[in-house]
Structure formats: C-alpha cells, structure tokens
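The values are calculated or read from the model by the stated rules, or taken from the named source; none is laboratory data. None of the values given here were measured: they were computed from a predicted structure. Neighbour counts are summed over all protein chains in view; Cβ atoms, including those assigned to glycine, are modelled from backbone coordinates with ideal geometry. Note: areas computed on protein heavy atoms with side chains; ligands, DNA, RNA excluded. Shrake-Rupley method; radii C 1.70, N 1.55, O 1.52, S 1.80 Å.
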Amino acid sequence: MLTGILFALFAGLTLGLYALPEKFTKDFEFANTWGLFFGINMLIVPPLAAFLFVDGLGEIIASIPSTVLWGMGISGLLWGIGVMMWGKAINYVGLSLGFSIFIGTVILVGSLIPFGVNGLPENNVFITILVGILVVLLGVLFNGKAGMLREKDDTSGKSKNVLAGIIIAIIGGLLATGFSYANAVGGEVISAASEVQGNASWVASVVIMLIIYMAGALFVIPYFIIQLSKKNLWIKFSTNFFGKNILMATVMAVLNFIAGVAFAYSAFLLGKLGGTVGYAIFNALSVAVAITSGLVMGEWKNAPSKARNYLYMGLAAMVLGVVVIAVGNSL
C-alpha cells in the first residue's frame, strides 16, 4: 500500500508542475503553446514510450476485448476535450485557480467512477471515502470563492473572463473524468496481457496511457490546427524563441505523461480501491503543488488578504479530504 501511495504522490507532484513551463514561453499565443504541447504530449511521447518500454505491444492491443477498447477510446476522447478546456481555463484564471477548480471537479466525480465499474466496498469504507470527497468539495468551493474575490474590484473586464474560466474548468473537469473510467475499465485487462508478454508490472501503465492519449488526440489536435489557421497564428512559430518554446512544451508533455503513468501504476498497486484512492491523492497533491507554484509566480500578490485566506482554506480542506480518503482505504 505504501508504495502505491508514494507513486500517487509522485504522480501528483509531476502533474502539479507540468503547466509551469508555459509561463516561460515567449511570443506565443495560447493556441501556439498548448497546440505544440498537446502535439508532443499525445502524438510523440506515448508512442515513443511504448516503443522503448513495452514488449509485444501489438499482441497486448490485440488481446483487449473490443468493448473495453471502445470504452477506453471514447472516454479517452472525452478526456482530451476536458484537458483542452483545462488549458483554456488556466489561461483565463491563472495556474492556482485553474488547477483548483478543474482538479477538484475531477476528484469529486472521477473518484466515484471506479465504484461504478468495480462495485461498492463495505459501508464503512464507502462512507469514509465519501466524506473525504465531500471535504474536497468544500476545498473546491473555497478556491472558487478566492478567485472571485481576487477579481471583485477589477473593472477591466477581466472578471467576466474569470467567471468564464471557472465554468470552462468545471465542464472540462467533468469530461476529463473519462481518464478515470478508461483506467478502471482497461487496467486489469491490460495488466494481465502485459504480464503474458513478460513485461514488468508498471509497463501496463504505459499501454493504458498510450490508448487514452491517442484517443484524446482525435479531438485536441484538429481543434488546435483549426484555431491556429483561423487566427493566422502559424506565423508565430517563426519566432526567435521557438527553440526555447519547444523545449518548454516538451518538458510539459513529458511531465504530464509521466504523471499519467505513475497514477495508473499506483492504482494497480493499491488494489480494488486504487482507482479511487490513488486518483484522489494524485489530483489533490497536484492542486497543492500548482497553488504553491502560482503563489511563487506572483499570481496572488495583489489579491486581498480575504481572497488568499480562502485559497489557503481551500488547500487545507483538499489535503484533509485526501487524508480521510486514505484512511477509508485502510479500513
């Protein structure tokens, strides 16, 4: 159990840091930075990782029942739409609030999905985990309040963007729970098939992420191609900072993919409730890291003290909720 929790914590750390390099790109619009990131993240990193680490990839894919593969594919597509909206939300409301609202929504819904796939645990376990998830919800509400207070006196029109960003983050979070469903549906089948091919137990996580990320690319990549063309932004790639920007996008892509693989492996190690417990720990820690990053980057330096207090209360509630969830898993 301890190893599984450590992998979930590592996954949360890398996910919380993955968007930070976006702050250091230059001469790029949103579509340039995130389009480049998603292209590398979904079309280059997963196949490369599968080529380097997975033995018998074709045999593993062929052994997956069509219903499972379709389920993973459709939910992966929805996840792709959700994470695209996540990037848009961060662009509107900043790293701290964007992560908090999106990941909070993901935790609330995504942590319950494995119960629908694998069945409910004993009542005392289920109730304890549910209480933990509700505490996380309180943290999400506090973070949302913090964001609204931060922009309350803004007369530049940005407040409207903050409200839009919060709405986008919530909808994106709901769609992004397809990630949890895909892992819950395909995890056991793919792990068994991977072991038949002589792979180490963690390698199955690479295959799971390959399917999810490639399915997500079916929406995300065409979307950004259209956006770049519609807004005449292809010329932006000719900037003198392209080398630095592609490095930043690559770091984002690698951190994001590593986070997904680490989570899938943690869920495997944590057993039947791993999809819920590992998912909650993974996402909640990413919020803590993202909030810290946002504070360091000065996103909240001009915010009123009341807004910062709500932000800290939200973070504390989310951490407390994860502790309660972990306790539920140990019962």
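When the dipole is taken about the Cα centre of the chain, and only Lys, Arg (+1) and Asp, Glu (-1) are charged at their Cβ, what size is it in debye, to the nearest 20?
1120
For the cross-link pairs K145/K306; K23/K88; K26/K301; K88/K231; K23/K244, the ones whose C-alpha atoms lie over 18 Å apart are K26/K301.
Length available on full extension from L141 to I44: 0.36 nm per residue minus the Cα-Cα distance, which gives 31.3 nm.
Placing unit charges on the Cβ atoms of the charged side chains and taking the dipole of the chain about its Cα centre, the candidate lying farthest along the positive direction among I127, A200, G87 is G87. Can you name the helices of the chain, as whole DSSP H runs, whose Cα span along the helix axis is 15 Å or more and whose Kyte-Doolittle mean is not below 0.0? The qualifying helices are 2-17, 66-93, 95-110, 123-150, 158-176, 178-196, 203-230, 242-270, 274-296, 305-330. One Cα centroid belongs to segment 92-146, the other to segment 216-261; the line between them spans 29 Å.
The modelled label-to-label distance for the pair L130/K231, using points 7 Å beyond Cα in the direction of Cβ, is 4.3 nm.
Relative contact order of the chain: 43 percent, from C-alpha pairs under 8 Å at least 6 residues apart in sequence.
Under 14 Å from the Cβ of I246, count the other residues' Cβ atoms, weight Lys and Arg +1, Asp and Glu -1, and hand me the total.
+1
Other residues with beta-carbon under 15 Å from the beta-carbon of S191 carry, at +1 per Lys or Arg and -1 per Asp or Glu, a net charge of -3.
Accessible surface of D27, taken over heavy atoms with a 1.4 Å probe and every protein chain present, rounds to 90 Å².
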